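> Dropping the structure in here first, questions after.
The values are calculated or read from the model by the stated rules, or taken from the named source; none is laboratory data. Keep in mind that what you see is a predicted model, and the values were worked out from it rather than measured. Note that each Cβ is placed from the backbone with ideal geometry, even for glycine, and that neighbours are counted across all protein chains shown. Just so you know, the surface numbers come from the protein's heavy atoms only, side chains and all, with ligands and any DNA or RNA stripped out. Shrake-Rupley method; radii C 1.70, N 1.55, O 1.52, S 1.80 Å.
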Amino acid sequence: MRRSRQTAEHSAAEVTRARAERHAAEKTAANLRRALDVIAQGIVVADSEGRIVFRNRSAAGLEQPRHEDTLVAQAVDQLLAESATRGAASATLELHGPPSRALHITARGGVVVIDDITQQRQLDAIRRDFAANVSHELRTPIGALAVLAESLAGETDLAVVARLTDRLSHEAERVALLIEDLLDLSRTEAEATQRRDAVALGDVLSEAAERSAALADQLGVGLQVDVLPSAVVVDGSRRQLVSALVNLIENGLRYSEKGSQVEVATERRADRVAVIVTDFGIGIPGPELDRIFERFYRVDRARSRETGGSGLGLAIVRHVATNHGGTVTVRSTEGQGSTFVLDLPARSPS
Ligand code: ADP
């Protein structure tokens with residue numbers, strides 16, 4: 001009698017403990033599920049028979065019943081089956097989209113991890129292209145330098161020596177300009193998230209005009225900069241803003257004919273300010289308008305070479321605009337000229 005009461009008490013305690021344990025286990029599972037749901041990677045878990053028992057939110061999102069997501073579900077099933085016999089299996093899946101995406105899927109011990117590697121791929125491609133472009137751009141003037149130096153060695157005719165050294169310094173300037181623009185671009189990229197100062201736009205305009213004056217003189221193109229009516233302040237980097245403006249003004253000058261004019265004006269609209277650079281030069285063909293902001297893209301390679309452009313100017317301008325929460329746009333008519341608008345958020349006057 002006594003004994004059976006003890007047993008009953010014992011089993012009641014056991015039930016309570018088991019309940020508490022189950023409760024704790026459920027809580028842990030819920031926490032784990034929550035943790036897995038916030039992970040960007042897709043996670044799929046299968047039981048020992050290979051049946052899928054869990055998908056986190058990302059995986060569920062990737063496997064929705066659109067055509068390409070069926071491909072993801074199929075790949076997951078296949079890799080699970082393969083990993084059951086071989087221990088681990090992985091594959092890269094190219095989805096043509098749009099938008100096109102690349103997923104890396106790995107299965108091991110009944111757990112599948114889906115990584116979206118699209119962005120990484122794009123960054124790698126941009127980096128590869130950039131390195132290839134830089135080498136290509138440097139090879140031409142450096143090759144020319146080598147040839148000129150060779151011709152110079154042993155040359156006794158002073159007139160020829162003068163001509164060759166002239167070309168030598170011209171090529172050296174091209175290399176210097178390219179390197180300067182490359183440094184400017186990489187500094188602008190690195191500074192993207194750095195401290196912002198209150199920059200008076202009027203000062204930026206006068207500094208940019210000052211820096212472009214020599215080129216305007218040299219090319220015989222007029223430069224007219226409107227004075228800002230009131231103190232307009234932009235939050236950001238003075239160096240970057242001057243560099244963007246100099247690039248826009250110098251392009252205007254370079255792609256104009258002698259005797260022409262480049263005009264810089266500003267327009268204040270509520271909490272924004274637009275800096276407008278207009279030239280009456282050669283203009284840009286419509287189909288090229290979207291591409292001119294790409295690094296090293298030039299409409300006319302020969303002309304750009306002649307004018308001494310690096311092909312990086314507008315890439316720098318676009319980067320500066322983005323860093324300041326603004327945009328740069330262009331309107332142009334071939335043979336009539338171009339207007340570039342750098343639109344920036346400005347502080348409201350206090
Ligand atoms: P670049 O150093 O060659 O001038 P940019 O990035 O500044 O490089 O400009 C890219 C290309 O866009 C130039 O090569 C030129 O073909 C075209 N472009 C830029 N600005 C103008 C302009 N104001 N008028 C005509 N074409 C321009």
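> What does the helix-only formula give at 222 nm for the chain: each DSSP H stretch with n ≥ 4 adding -39500 (n - 2.57), the total divided by the residues, and the result rounded to the nearest 500 deg cm²/dmol?
-18500 deg cm²/dmol
> Further question: How high is the relative contact order of the chain? Use alpha-carbon pairs under 8 Å, at least six apart in sequence, and give a whole percent.
11
> Pulled fully out, how much extra length does the chain show between residue 28 and residue 301, if you take 0.36 nm times their separation in residues and subtract their Cα-Cα distance?
Full extension from residue 28 to residue 301 adds 91.9 nm.
> Using a Gaussian network model on the chain with a 10 Å cutoff between Cα atoms, which of 317, 275, 160 fluctuates the most?
Looking only at 317, 275, 160, the largest GNM fluctuation is found for 160.
> Excluding the sites themselves, what is the longest stretch of the chain that contains no GluC sites (Glu not before Pro) in a DSSP loop with at most 15 other C-beta atoms within 10 Å?
Counting at most 15 other Cβ atoms within 10 Å as exposed, the longest clean stretch of the chain is 50-154.
> Select from 159, 12, 59 the residue whose mean-square fluctuation is largest in a Gaussian network model of the chain (Cα-Cα springs shorter than 10 Å).
12
> A follow-up question, please. What is the percent carbon and sulfur in the accessible area of the stretch 217-310, measuring with a 1.4 Å probe over the protein chains and ignoring ligands?
Roughly 49 percent, rounded to a whole number.
> Want the number for residue 270 to residue 15: 0.36 nm per residue separation, take away the alpha-carbon distance, what's left?
Here the answer is 84.7 nm.
> Evaluate the relative contact order of the stretch 2-118 (contact order divided by residue number), counting alpha-carbon pairs under 8 angstrom at least 6 apart; express in whole percent.
RCO, the stretch 2-118: 21 percent.
> Taking R0 as 51 Å, what's the FRET efficiency between residue 85 and residue 183 from their Cβ-Cβ distance, rounded to 0.05?
Using R0 = 51 Å, I get an efficiency of 0.40.
> Also, I was wondering about something else. To the nearest 0.05, what FRET efficiency results for residue 197 and residue 294 with a Förster distance of 35 Å applied to their C-beta separation?
For R0 = 35 Å, the calculated efficiency reads 0.75.
> Give, as a single signed number, the net charge of other residues whose beta carbon lies under 12 Å from the beta carbon of residue 267, with Lys and Arg counted +1 and Asp and Glu -1.
Cβ neighbours under 12 Å give a net charge of +1.
> A follow-up question, please. Under 17 Å from a point placed 7 Å out from the Cα of residue 120 along the Cα-to-Cβ direction: which residues of the stretch 75-90 have their backbone N that close?
Backbone N within reach: 89-90.
> Express in nm, to one decimal, how much length is gained between residue 329 and residue 111 on full extension, taking 0.36 nm for each residue of separation and deducting their alpha carbon distance.
73.6 nm
> What part of the accessible area of the stretch 119-190, given as a whole %, is carbon or sulfur when the probe is 1.4 angstrom?
Here carbon and sulfur together make up 58 percent of the probe-accessible area.
> Ok, one more. Rolling a 1.4 angstrom probe over the protein heavy atoms, how many square angstrom per residue are accessible across the stretch 173-215?
It amounts to 58 Å² per residue over the stretch 173-215.
> Same structure again: Taking only C-alpha pairs under 8 Å that are 6+ residues apart, what is the relative contact order of the stretch 195-350 in percent?
Relative contact order of the stretch 195-350: 26 percent.
> Mind telling me which of 203, 184, 77 comes out most flexible in a GNM of the chain, alpha-carbon contacts under 10 Å?
Largest GNM mean-square fluctuation: 77.
> First select every other residue whose beta carbon is under 14 angstrom from the beta carbon of residue 110; then total the charges, Lys and Arg +1, Asp and Glu -1.
Neighbour charge sum, excluding residue 110 itself: 0.
> Next up: Pop out the carbon and sulfur fraction of the accessible area of the stretch 2-118 as a percent, whole number, probe 1.4 Å.
55
> Still on this structure, please answer the following. Tell me the trypsin sites (Lys or Arg not before Pro) within the stretch 141-198 that lie in a loop according to DSSP and have at most 10 other beta-carbon atoms within 10 Å.
195
> Here's another thing I want to ask about it. For the chain, what proportion of DSSP beta bridges, expressed in % and rounded to the nearest 5, is antiparallel?
90
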